Amino acid sequence: MTFRLEDGTTFLRVHKPEMYGDKLNKKRRIIVDTNLLQQRHFGFEVGKLKMTYRVVVPIFHNDKYIGLVEVGIEPEYIMERINKIYNLKNALLIKKDMKSVSMDKNKLKIIEKNYYLARGDDLFKKYSNQIVFNIEHNHIIDNGKEYHIESNLNLYGHTNKIAAKLLLAYDTTDNINEFNQLLKINIIRIVLLVLIILIVLNISFNYFINRIIEETKKNIQNEKQLLESSKMVSMGEMIGNIAHQWRQPLSVISSASTSMILEKQLDILDDDTLYKTCNAINDNAQYLSRTIEDFKNFIKGDREKENIELANIVNSFLNLVQGTIKNNNIDLILELDDSIKFDSYPNELIQCFIITPPQKYNENQAA
């Protein structure tokens, strides 16, 4: 089983996890067509080493195509077992247009003009010029033995075109009719068994992919809920901090305005006192405004990467939790380098600071 990204790059080979990151071979048409059409394909594929039956399924996430997964089974492995049981000889023929895929390009023998003998028993190499397709009785006599050649076993590619042929030769010297009938029955059984296995493989594979997609969606949803819950807790703590921070500035503003009114009524309000009182009111009002601005920026939560100064982020964070710091009698000694700048998400960075507020740090120290 192999997972590939949308550009064909190998993401994971389950059977060889250490091999990944290689680019797609453009001659692998079943992969190229799946990427292009974003549809499932299956069929036989001629490779450098073996003929493989492949099922290739596209993978989508949020209706976006993100890659594919392919599963292959080698029919030659099954044929080797059949050959040992029934003493058969076999050969694999590939179409001429697939010659560039085979390893032994210079050692291929031509069979019936349009096919090359990729590999097989020496019998087929020796009598390659006597093999004829689509005839009922195709026999070869070698060393006093007569062999019947079965040449109509076509292996179809993902485009429903013949990709290769499988040749079988069996000894018909003794009891030809009985052996022939038995062989046909068993070949049909084996072919049906292979088809059933492939069908079950397709169904199981689709179920496997769907489960992965469903579990991924659930995990993403759970992560979103946890993030929102954490942010709501942080917002509640910040509102408490802001309420605590506003008490003193509001008290100053109230006292200053009341004092001005009283002095005016007593006709003892001079210009110097008026300016100082107004400046004090304005300074505290600006402080309240900055606190609201910091809180608004945190709530807004714009996810845009910015080039930020560390000192500004720390000061905004301290402004939001200043009430908690005072309540816990925490003295801060800051040695910030104003030249430290980096690219990050300011609101999310402040939220990370708030997740472990000063009072929790104090509790950990006491423990």
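Bear in mind these aren't lab numbers, they're just calculated from the coordinates by the rules spelled out. As the structure is a computational prediction, the values presented were derived from the model and not from experiment. Here the Cβ is made from the backbone with ideal geometry for all residues, glycine too, and neighbour counts use every protein chain on show.
If you wrap the Cα atoms of region 128-218 in a convex hull and average its projected area over all directions, you get 8.6 nm².
Pairs LYS95/LYS125; LYS264/LYS296; LYS50/LYS125; LYS16/LYS161: which are spaced more than 26 Å apart, C-alpha to C-alpha? Violating the 26 Å limit, Cα to Cα: LYS264/LYS296; LYS16/LYS161. Between LYS113 and ILE197, the simple spin-label model (points 7 angstrom out along Cα→Cβ) gives 3.7 nm.
Compute the FRET efficiency between LYS126 and TYR20 as 1/(1 + (r/R0)^6), taking r as their Cβ-Cβ distance and R0 = 45 Å, and round to the nearest 0.05. All intermediate terms of the calculation are to be shown ahead of the outcome.
Details: r = 43 Å, r/R0 = 0.96.
Calculated value: 0.55.
3J(HN,Hα) couplings calculated from phi for region 120-129 with the Karplus curve 6.51 cos²θ - 1.76 cosθ + 1.60 (θ = phi - 60°) are, in sequence order, x, 5, 4, 4, 6, 5, 5, 10, 4, 7 Hz; Gly and Pro show x. The ARG247 and GLU293 beta-carbon pair, evaluated with R₀ = 25 Å, returns a calculated FRET efficiency of approximately 0.85.
Report the extension gain between ASN282 and GLU214 in nm, rounded to one decimal, defined as 0.36 nm multiplied by the number of residues separating them, less their alpha carbon distance. Present the calculation step by step, with values, prior to reporting the outcome.
Working: separation 68, 0.36 × 68 = 24.48 nm, distance 5.67 nm.
Here the answer is 18.8 nm.
What length, rounded to one decimal in nm, is gained on full extension from ASN315 through to GLN38, with 0.36 nm per residue of separation minus their alpha-carbon distance? Before the final figure, lay out each step's value.
Details: separation 277, 0.36 × 277 = 99.72 nm, distance 5.09 nm.
Result: 94.6 nm gained on full extension.
With 28 Å as the limit on Cα-Cα distance, the pairs of LYS145/LYS165; LYS64/LYS341; LYS23/LYS341 that go past it are LYS64/LYS341; LYS23/LYS341. Using a Förster distance of 51 Å, how high is the FRET efficiency between MET1 and ASN143, based on the Cβ-Cβ distance and rounded to 0.05? With R0 = 51 Å, the Cβ-Cβ based efficiency is 0.70.
Work out the charge dipole of region 145-230 with +1 on the Cβ of Lys and Arg and -1 on the Cβ of Asp and Glu about the Cα centre, then indicate which of LEU226, GLY157, VAL191 is farthest towards its positive end. After comparing all options, I get LEU226.
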